[in-house]
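Notes to accompany the following structure.
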Amino acid sequence: MSGAEDYIDFAKPFSIYFNLLKGLSDTRKPSQRRLSNMKHMYFNDEAYNKMLDADDSLVYEFYELGTPENAGDIAFGTSIVYPGKVGNEYFMTKGHFHNVLDTAEVYICLQGQGFMLLENPEGDWKTEELRPGQAVYCAIRYAHRSINVGNEPLVTFFAFRGDAGHDYGTIEKKGYRKLIVEMEGTPSVVDNPNWK
Ligand code: NI
């Protein structure tokens with residue numbers, strides 16, 4: 001596929017296929033985030049480094065279709081978080097705020113089992129369950145992170161305002177207030193010891 005073929009003209013109607021089980025498109029290439037792209041995202045650096053030494057696993061992938069940054073356009077695609085853990089912390093996306101903080105986002109879970117972890121700058125936080133058929137509304141001002149607590153890929157479809165933008169830096173610097181980790185075989189919400 002050439003770069004030129006990758007361009008989608010959002011000013012014209014179009015359609016795109018996503019596999020409902022695997023989440024992948026047959027015509028587009030997803031962006032990938034491997035373990036090496038997730039430095040300091042997991043609270044247990046020692047477990048992270050040990051795991052990375054063994055294998056640079058694919059943690060998640062998602063589609064960026066090149067949506068123009070216009071308020072009237074809609075960015076959409078699928079996200080696939082693979083099963084796994086760093087220590088007892090489940091594989092997850094980095095999580096982000098929107099640059100335009102007052103923009104919401106909708107996710108619908110297509111496959112797998114997990115949670116959306118949400119928190120706003122004022123300190124309010126919430127978890128929402130992700131299971132097939134469950135739609136999650138990420139309200140304005142809430143950072144959102146998908147976490148796979150199951151044994152199969154966690155596949156979601158998302159849509160948000162084209163000009164919302166992504167602020168990954170705040171989470172990279174501060175971390176999330178809460179984490180979802182496995183405790184006695186069960187996903188549990190705990191305080192992040194590294195939160196700044
Ligand atoms: Ni978002």
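The values are calculated or read from the model by the stated rules, or taken from the named source; none is laboratory data. For clarity, every value in this text was computed on a predicted model and none was experimentally measured. Ideal geometry is used to build each Cβ from the backbone, glycine not excepted, and the neighbour counts take in all protein chains shown. These accessible areas exclude ligands, DNA and RNA; they are computed on the full protein's heavy atoms, side chains included. Shrake-Rupley method; radii C 1.70, N 1.55, O 1.52, S 1.80 Å.
Highest mean first, the peptides 130-138, 56-64 sorted by other C-beta atoms within 10 Å per residue fall in the order 56-64, 130-138. Each of the peptides 112-118, 65-71 was scored by the mean count of other Cβ atoms within 10 Å over its residues; in descending order, highest first, they stand as 112-118, 65-71. Using a probe of 1.4 Å, the accessible surface attributed to ASP167 totals some 40 Å² when neighbouring protein chains are kept in position. Phi angles across region 41-50 convert, under the Karplus curve 6.51 cos²θ - 1.76 cosθ + 1.60 with θ = phi - 60°, into 3J(HN,Hα) values of 7, 8, 6, 9, 4, 5, 5, 4, 5, 5 Hz, Gly and Pro given as x. Comparing Cα centroids, region 100-125 and region 176-196 end up 16 angstrom apart.
When the solvent-accessible area of region 31-191 is split by element, carbon and sulfur atoms take up 47 percent of it, the probe being 1.4 Å.
Let me check against my output: what whole-number percent is the relative contact order of region 31-191, with C-alpha pairs under 8 Å and at least 6 apart? It comes to 27 percent, rounded to a whole number. The string of couplings for region 152-168 from the Karplus curve (6.51, -1.76, 1.60, θ = phi - 60°) is 10, x, 9, 10, 10, 10, 10, 8, 8, 4, x, 9, 4, x, 10, 10, 8 Hz, one whole number per residue in order, with x for Gly and Pro. Calculated accessible area for the chain comes out at 52 Å² per residue, all protein chains present (probe 1.4 Å; ligands, DNA, RNA ignored). Residue ranges 77-89, 168-180, 7-19 sort as 77-89, 168-180, 7-19 when ordered by packing (mean number of other C-beta atoms within 10 Å per residue, highest first).
Across region 51-129, the mean sequence separation of Cα contacts (distance under 8 Å, 6 or more residues apart), normalised by length, yields a relative contact order of 19 percent. Note on PHE14 and LEU52: the model spin-label points, each 7 Å out from Cα along the C-beta direction, lie 3.5 nm apart. Each Lys or Arg adds one and each Asp or Glu takes one away; over the other residues whose Cβ falls under 9 Å from the Cβ of TRP195, this sums to +3. Both the radius of gyration and Dmax for the chain are 16.5, 51 Å, in that order, over alpha-carbon atoms. For ASN88, no residue whose modelled amide H falls within less than 5 Å of its own remains once neighbours fewer than 5 places apart on the same chain are excluded. Taking amide H atoms as placed 1.01 Å from N in the peptide plane, the amide H of ALA159 lies under 5 Å from those of VAL106, each 5 or more residues away in sequence or on another chain. Each residue, ASP167 and ALA71, gets one label point 7 Å from its Cα in the Cβ direction; the gap between the two is 1.8 nm.
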